[in-house]
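Peer 1: Pasting in a structure now, in structure tokens, and then I'll have a few things to ask.
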Amino acid sequence: MKALCGMLNNRGGRVIFGVVPRTHEVVGQDVGEDTLHKLAQTLNTKFEPAITPTVHPVKIDGRRFTIVVTVRQGRLRPYSYNGTTWKKVGNTKSPMSADERDRLLTERLHELQTWDAGASPLGIDDLDRVELQTTVDEAIAAGRMTPPVNRLPATLLRALSLLDREGQLRNAAAVLFGEAAELARDYPSCALNVVRYEGNTKSGRLTKRAQGGSRGMSSL
């Protein structure tokens with residue numbers, strides 16, 4: 001359970017019951033309804049926040065099984081087991097320091113409370129890739145970011161912190177780089193309505209009206 005907690009606080013992973021830790025020999029164990037019930041009870045009651053792992057018994061011979069418990073990186077980090085927050089680095093696990101817990105908690109609160117960090121209904125294919133690459137090039141030239149390892153859109157977005165841990169596009173990415181049609185459909189509050197009148201007051205003759213997204217007003 002401590003290892004699972006550490007995986008939740010890192011990049012996810014799986015624990016296999018029925019394997020000798022030192023030799024990695026798969027020996028299995030007897031698994032009955034009571035075994036799975038006790039495991040489920042522990043997973044459901046001993047972790048904070050609540051988790052939803054996958055539990056999968058795997059039969060290895062006539063009567064013995066291994067139990068594979070898989071977790072993804074938790075979206076509500078930091079997680080604790082039995083009141084202690086655990087981290088896992090390689091094959092070791094240990095309690096987190098107060099600073100490590102505070103850092104993860106700050107990240108969680110930021111993602112939960114800010115709209116721009118929320119998940120977008122758009123995908124990477126809905127973005128203006130030329131604009132994205134131009135922005136990154138200008139940032140690199142200005143010394144505000146280091147060159148990414150490649151020029152793939154997902155890599156550039158991650159370098160700008162515009163993808164969440166699941167690889168989902170953030171709202172900020174959609175507003176910054178979304179194509180006009182997608183913005184008009186999914187982000188109507190981001191549309192701009194602009195009018196132009198003759199003279200210095202609204203009493204003048206209306207000469208032009210335009211509507212567009214964050215980059216759709218250049219013709220006005």
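Peer 1: Which pairs turn up if I take residues in segment 78-105 that are in the same structural domain as Leu43 (by TED's automatic domain parsing) and under 16 Å from Thr42 (Cα atoms) and look for partners that are surrounded by 12 or more Cβ atoms within 10 Å (Cβ to Cβ) and β-branched (Val, Ile, Thr) with beta carbon separation below 8 Å, at least 6 apart in sequence or on another chain?
Peer 2: So the pair list comes out as Tyr79/Ile51; Tyr79/Thr85.
Peer 1: From (1) modelled with pLDDT of 90 or more; (2) under 25 Å from Ala154 (Cβ atoms); (3) in contact with a helix residue (DSSP H, G or I) (Cβ under 7 Å, 6 or more places away or on another chain); (4) not hydroxyl-bearing (Ser, Thr, Tyr), pick out the condition that doesn't hold for Val55.
Peer 2: Just one mismatch for Val55, condition (2).
Peer 1: Just to be sure before I move on: is Glu182 modelled with pLDDT of 80 or more and either over 17 Å from Asp125 (Cβ atoms) or over 38 Å from the mean Cα position of the chain (by Cα) (or both) in the structure I sent?
Peer 2: Spelling it out, it is not the case that Glu182 is modelled with pLDDT of 80 or more and either over 17 Å from Asp125 (Cβ atoms) or over 38 Å from the mean Cα position of the chain (by Cα) (or both).
Peer 1: Then there is this: Can you pull out every residue in segment 71-116 that is among the polar types (S, T, N, Q) and crowded, with 17+ Cβ neighbours inside 10 Å?
Peer 2: Answer for segment 71-116, where residues must be among the polar types (S, T, N, Q) and crowded, with 17+ Cβ neighbours inside 10 Å: Ser80, Thr85.
Peer 1: Could you figure out which of (1) of a type outside the set (Ser, Thr, Tyr); (2) modelled with pLDDT under 85; (3) within 22 Å of Leu43 (Cα to Cα) isn't true of Val71?
Peer 2: Condition (2) is where Val71 drops out.
Peer 1: So how many residues does segment 1-47 have that are in a strand (DSSP E or B), under 13 Å from Val68 (Cα atoms) and touching a residue at least 40 places away in the same chain (Cβ under 8 Å)?
Peer 2: Selection size over segment 1-47: 7.
Peer 1: Please indicate, with yes or no, whether at least one residue in segment 170-179 is out of contact with any helix residue (DSSP H, G or I) (no Cβ under 9 Å at 6 or more places or on another chain) and part of a helix (DSSP H, G or I).
Peer 2: yes
Peer 1: Would you mind stating whether Arg64 is surrounded by 14 or more Cβ atoms within 10 Å (Cβ to Cβ) and more than 30 Å from Leu104 (Cβ to Cβ)?
Peer 2: The answer is yes for Arg64.
The values are calculated or read from the model by the stated rules, or taken from the named source; none is laboratory data. What you see is a predicted model, and the numbers here were worked out from it, not measured in a lab. Note that we place each Cβ from the backbone using ideal geometry, even for glycine, and neighbour counts take in every protein chain shown.
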